[in-house]
1. Answer with yes or no whether T27 is at pLDDT 50 or above, buried (at least 19 other Cβ atoms within 10 Å of the Cβ) and part of a helix (DSSP H, G or I).
2. So how many residues does the range 169-223 have that are among the polar types (S, T, N, Q) and closer than 30 Å to P134 by Cβ?
3. I need the full set of residues from the range 166-196 which are under 21 Å from A58 (Cβ atoms) and over 18 Å from the mean Cα position of the chain (by Cα), in order please.
4. Could you list, in sequence order, the residues of the range 77-114 that are within 17 Å of Q43 (Cβ to Cβ), part of a helix (DSSP H, G or I) and either in contact with a His (Cβ under 7 Å, 6 or more places away or on another chain) or not aliphatic (A, V, I, L, M) (or both)?
5. If G100 satisfies all but one of (1) without any contact (Cβ under 8 Å) to a residue 12 or more places away in the chain; (2) closer than 16 Å to D147 by Cα, what's the number of the condition it fails?
6. Does the range 78-85 contain any residue that is surrounded by fewer than 16 Cβ atoms within 10 Å (Cβ to Cβ), farther than 20 Å from L191 by Cα and not aliphatic (A, V, I, L, M)?
7. Identify the residue in the range 192-223 that is acidic (D, E) and exposed (fewer than 12 other Cβ atoms within 10 Å of the Cβ) and, among all such residues, is nearest to D65 (Cα to Cα).
Amino acid sequence: MDRRARASFLAMGFIFSMMAPSAAAQTSTWRGKVTAFAEKNLQQYLFYAHSRRDYVLAKSLAAADHVTLDDDVMFAAAMLHDMGNASAYEERGKDHADTGAAKIDLALNGTDFPKAKLEAVRAAIRAHNPDRDPGKSAEARYLHDADILDNLGASGMAWLLQLADSNGGNPTGRQLIKNFAKTGPMEKGVLTPAGKAQLKFRLAEQKAFYDALSRETDGFKNL
(Lines give C-alpha, C1' and ligand atoms only; values in the text may rest on other atoms or scores of the structure.)
Protein backbone atom coordinates (compact mmCIF):
# COMPACT_ATOMS: atom_id res chain seq x y z
CA MET A 1 0.00 0.00 0.00
CA ASP A 2 1.55 3.36 -1.00
CA ARG A 3 1.69 6.29 1.42
CA ARG A 4 -1.26 8.14 -0.12
CA ALA A 5 -3.52 5.07 0.02
CA ARG A 6 -2.33 4.28 3.54
CA ALA A 7 -3.07 7.81 4.70
CA SER A 8 -6.55 7.64 3.18
CA PHE A 9 -7.17 4.26 4.84
CA LEU A 10 -6.04 5.52 8.24
CA ALA A 11 -8.17 8.64 7.90
CA MET A 12 -11.21 6.53 7.15
CA GLY A 13 -10.49 4.39 10.19
CA PHE A 14 -10.25 7.50 12.34
CA ILE A 15 -13.61 8.75 11.07
CA PHE A 16 -15.28 5.41 11.81
CA SER A 17 -13.71 5.32 15.27
CA MET A 18 -15.16 8.77 15.98
CA MET A 19 -18.58 7.62 14.79
CA ALA A 20 -18.56 4.43 16.90
CA PRO A 21 -19.93 4.68 20.44
CA SER A 22 -17.52 4.23 23.31
CA ALA A 23 -17.33 0.92 25.13
CA ALA A 24 -19.19 2.48 28.06
CA ALA A 25 -21.92 3.76 25.76
CA GLN A 26 -22.26 0.39 24.08
CA THR A 27 -22.75 -1.48 27.35
CA SER A 28 -25.33 1.08 28.50
CA THR A 29 -27.63 0.24 25.58
CA TRP A 30 -29.82 -2.85 25.36
CA ARG A 31 -27.66 -4.22 22.53
CA GLY A 32 -24.55 -3.92 24.64
CA LYS A 33 -26.25 -5.61 27.57
CA VAL A 34 -27.63 -8.43 25.41
CA THR A 35 -24.20 -8.95 23.86
CA ALA A 36 -22.58 -9.04 27.30
CA PHE A 37 -25.26 -11.48 28.52
CA ALA A 38 -24.72 -13.79 25.56
CA GLU A 39 -20.94 -13.60 25.79
CA LYS A 40 -21.09 -14.52 29.49
CA ASN A 41 -23.88 -17.10 29.50
CA LEU A 42 -24.02 -18.67 26.04
CA GLN A 43 -20.46 -19.84 25.44
CA GLN A 44 -21.45 -23.49 25.98
CA TYR A 45 -21.21 -25.42 22.71
CA LEU A 46 -19.96 -22.17 21.12
CA PHE A 47 -23.50 -20.75 20.90
CA TYR A 48 -22.27 -17.17 21.28
CA ALA A 49 -20.15 -17.23 18.12
CA HIS A 50 -22.91 -19.12 16.29
CA SER A 51 -25.46 -16.47 17.27
CA ARG A 52 -23.24 -13.68 15.96
CA ARG A 53 -22.89 -15.52 12.66
CA ASP A 54 -26.65 -16.04 12.47
CA TYR A 55 -27.27 -12.31 12.85
CA VAL A 56 -24.82 -11.36 10.10
CA LEU A 57 -26.04 -14.10 7.77
CA ALA A 58 -29.74 -13.33 8.30
CA LYS A 59 -29.13 -9.68 7.39
CA SER A 60 -27.09 -10.69 4.34
CA LEU A 61 -29.82 -13.04 3.08
CA ALA A 62 -32.53 -10.44 3.58
CA ALA A 63 -30.47 -7.82 1.75
CA ALA A 64 -29.99 -10.21 -1.17
CA ASP A 65 -33.77 -10.67 -1.32
CA HIS A 66 -34.37 -6.90 -0.96
CA VAL A 67 -36.29 -7.50 2.27
CA THR A 68 -36.20 -4.96 5.10
CA LEU A 69 -35.79 -6.36 8.60
CA ASP A 70 -36.57 -4.80 11.96
CA ASP A 71 -33.00 -4.78 13.21
CA ASP A 72 -33.99 -4.62 16.88
CA VAL A 73 -36.00 -7.83 16.55
CA MET A 74 -33.36 -9.46 14.37
CA PHE A 75 -30.46 -8.72 16.70
CA ALA A 76 -32.23 -9.76 19.91
CA ALA A 77 -33.64 -12.96 18.36
CA ALA A 78 -30.33 -13.97 16.79
CA MET A 79 -28.29 -13.38 19.94
CA LEU A 80 -30.74 -15.17 22.26
CA HIS A 81 -32.25 -17.90 20.07
CA ASP A 82 -30.24 -20.74 21.64
CA MET A 83 -30.72 -19.74 25.29
CA GLY A 84 -32.84 -22.82 25.83
CA ASN A 85 -29.96 -25.07 24.74
CA ALA A 86 -27.60 -23.80 27.43
CA SER A 87 -27.59 -25.94 30.57
CA ALA A 88 -28.34 -22.94 32.80
CA TYR A 89 -31.66 -22.34 31.04
CA GLU A 90 -32.74 -25.62 29.44
CA GLU A 91 -35.82 -27.46 30.71
CA ARG A 92 -36.08 -31.22 30.40
CA GLY A 93 -38.84 -32.35 28.06
CA LYS A 94 -39.21 -28.96 26.39
CA ASP A 95 -37.91 -27.88 23.02
CA HIS A 96 -35.06 -25.42 23.39
CA ALA A 97 -36.76 -22.96 21.02
CA ASP A 98 -39.82 -22.72 23.26
CA THR A 99 -37.72 -22.51 26.40
CA GLY A 100 -35.51 -19.79 24.99
CA ALA A 101 -38.47 -17.74 23.78
CA ALA A 102 -39.98 -17.88 27.26
CA LYS A 103 -36.77 -16.74 28.97
CA ILE A 104 -35.61 -13.75 26.92
CA ASP A 105 -36.74 -11.46 29.74
CA LEU A 106 -33.69 -12.62 31.68
CA ALA A 107 -31.56 -10.78 29.16
CA LEU A 108 -33.88 -7.92 28.15
CA ASN A 109 -35.52 -6.91 31.44
CA GLY A 110 -34.15 -3.68 32.80
CA THR A 111 -32.89 -2.56 29.38
CA ASP A 112 -34.27 -0.01 26.97
CA PHE A 113 -35.39 -2.68 24.50
CA PRO A 114 -38.76 -1.65 22.95
CA LYS A 115 -41.38 -3.67 24.83
CA ALA A 116 -43.72 -3.60 21.84
CA LYS A 117 -41.22 -5.79 19.97
CA LEU A 118 -40.82 -8.53 22.59
CA GLU A 119 -43.45 -10.85 21.09
CA ALA A 120 -41.83 -10.57 17.65
CA VAL A 121 -38.53 -11.68 19.20
CA ARG A 122 -40.24 -14.60 20.94
CA ALA A 123 -41.95 -15.64 17.71
CA ALA A 124 -38.68 -15.63 15.77
CA ILE A 125 -36.93 -17.71 18.42
CA ARG A 126 -39.78 -20.23 18.62
CA ALA A 127 -39.72 -20.70 14.84
CA HIS A 128 -35.97 -21.02 14.24
CA ASN A 129 -35.91 -24.84 14.22
CA PRO A 130 -35.63 -26.41 10.73
CA ASP A 131 -38.94 -28.25 11.10
CA ARG A 132 -40.94 -25.20 12.21
CA ASP A 133 -42.91 -22.77 10.08
CA PRO A 134 -41.74 -19.18 10.67
CA GLY A 135 -44.86 -17.78 9.02
CA LYS A 136 -44.78 -14.37 7.36
CA SER A 137 -42.49 -12.59 9.81
CA ALA A 138 -39.38 -11.52 7.87
CA GLU A 139 -37.22 -11.69 10.99
CA ALA A 140 -38.43 -15.20 11.80
CA ARG A 141 -37.92 -16.42 8.24
CA TYR A 142 -34.38 -15.10 7.89
CA LEU A 143 -33.30 -16.27 11.35
CA HIS A 144 -34.77 -19.69 10.51
CA ASP A 145 -32.76 -19.94 7.28
CA ALA A 146 -29.57 -18.42 8.70
CA ASP A 147 -29.63 -20.89 11.57
CA ILE A 148 -29.98 -23.86 9.23
CA LEU A 149 -27.24 -22.62 6.91
CA ASP A 150 -24.80 -22.00 9.75
CA ASN A 151 -25.14 -25.66 10.69
CA LEU A 152 -24.08 -26.61 7.15
CA GLY A 153 -21.11 -25.92 4.90
CA ALA A 154 -17.68 -24.90 6.14
CA SER A 155 -18.98 -23.06 9.20
CA GLY A 156 -21.14 -26.02 10.22
CA MET A 157 -18.27 -28.48 9.92
CA ALA A 158 -15.84 -26.21 11.75
CA TRP A 159 -18.34 -25.63 14.56
CA LEU A 160 -19.08 -29.32 14.90
CA LEU A 161 -15.46 -30.47 14.94
CA GLN A 162 -14.57 -27.86 17.56
CA LEU A 163 -16.83 -29.79 19.94
CA ALA A 164 -14.69 -32.95 19.80
CA ASP A 165 -12.98 -33.88 23.06
CA SER A 166 -9.35 -32.85 22.61
CA ASN A 167 -8.30 -35.33 25.31
CA GLY A 168 -9.44 -38.31 23.28
CA GLY A 169 -12.76 -38.90 25.01
CA ASN A 170 -16.28 -38.55 23.66
CA PRO A 171 -17.43 -37.09 21.43
CA THR A 172 -14.67 -37.86 18.96
CA GLY A 173 -14.29 -36.15 15.61
CA ARG A 174 -15.19 -39.45 13.95
CA GLN A 175 -18.48 -39.61 15.86
CA LEU A 176 -19.34 -36.00 15.11
CA ILE A 177 -18.53 -36.04 11.40
CA LYS A 178 -21.17 -38.70 10.83
CA ASN A 179 -23.80 -36.01 11.31
CA PHE A 180 -22.91 -34.64 7.90
CA ALA A 181 -24.09 -37.80 6.21
CA LYS A 182 -27.66 -36.98 7.24
CA THR A 183 -28.30 -33.26 6.79
CA GLY A 184 -31.25 -33.77 4.42
CA PRO A 185 -33.97 -32.83 6.93
CA MET A 186 -32.21 -29.55 7.69
CA GLU A 187 -31.70 -28.74 4.03
CA LYS A 188 -35.44 -29.09 3.33
CA GLY A 189 -36.18 -26.42 5.91
CA VAL A 190 -34.61 -23.55 3.94
CA LEU A 191 -37.38 -21.27 2.70
CA THR A 192 -36.14 -17.93 1.37
CA PRO A 193 -34.82 -17.35 -2.18
CA ALA A 194 -31.42 -16.15 -0.95
CA GLY A 195 -31.30 -19.00 1.56
CA LYS A 196 -31.86 -21.58 -1.16
CA ALA A 197 -29.16 -20.01 -3.33
CA GLN A 198 -26.73 -20.00 -0.40
CA LEU A 199 -27.65 -23.61 0.41
CA LYS A 200 -26.27 -24.79 -2.94
CA PHE A 201 -22.88 -23.20 -2.22
CA ARG A 202 -22.74 -24.52 1.32
CA LEU A 203 -23.60 -28.06 0.31
CA ALA A 204 -20.91 -28.00 -2.38
CA GLU A 205 -18.34 -26.75 0.18
CA GLN A 206 -19.52 -29.34 2.66
CA LYS A 207 -19.25 -32.23 0.22
CA ALA A 208 -15.79 -31.15 -0.95
CA PHE A 209 -14.49 -30.95 2.62
CA TYR A 210 -16.21 -34.16 3.69
CA ASP A 211 -14.77 -36.10 0.75
CA ALA A 212 -11.28 -34.68 1.27
CA LEU A 213 -11.33 -35.40 5.00
CA SER A 214 -12.50 -38.94 4.39
CA ARG A 215 -9.74 -39.47 1.82
CA GLU A 216 -7.05 -38.05 4.09
CA THR A 217 -8.10 -39.94 7.22
CA ASP A 218 -8.74 -43.41 5.73
CA GLY A 219 -12.49 -43.05 5.78
CA PHE A 220 -12.40 -41.13 9.10
CA LYS A 221 -10.70 -44.06 10.86
CA ASN A 222 -7.76 -41.84 11.76
CA LEU A 223 -9.75 -38.75 12.70
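The values are calculated or read from the model by the stated rules, or taken from the named source; none is laboratory data. Being a predicted model, the structure only gives us computed values, none of them experimental. FYI the Cβ positions are ideal-geometry reconstructions off the backbone, even for glycines, and counts take in every protein chain you see.
1. When the stated conditions are applied, T27 does not pass them.
2. Total satisfying the criteria: 5.
3. Let us first name the residues in the range 166-196 that are under 21 Å from A58 (Cβ atoms), namely 183, 185-196.
P185, K188, P193, listed by residue number.
4. G84, N85, H96, G100
5. Among (1) without any contact (Cβ under 8 Å) to a residue 12 or more places away in the chain; (2) closer than 16 Å to D147 by Cα, the lone unmet condition for G100 is (1).
6. no
7. As a first pass, look at the range 192-223 and keep what is acidic (D, E): 205, 211, 216, 218.
Subset that is exposed (fewer than 12 other Cβ atoms within 10 Å of the Cβ): 211, 216, 218.
On the way: D211: 32, E216: 39, D218: 42 Å.
Of everything passing the filter in the range 192-223, D211 is nearest to D65 (Cα to Cα).
Residues checked against (1) out of contact with any Ser or Thr (no Cβ under 6 Å at 6 or more places or on another chain); (2) not in a helix (DSSP H, G or I):
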residue	(1), (2)
K33	no, no
L46	yes, no
K59	yes, no
H66	yes, yes
P134	yes, yes
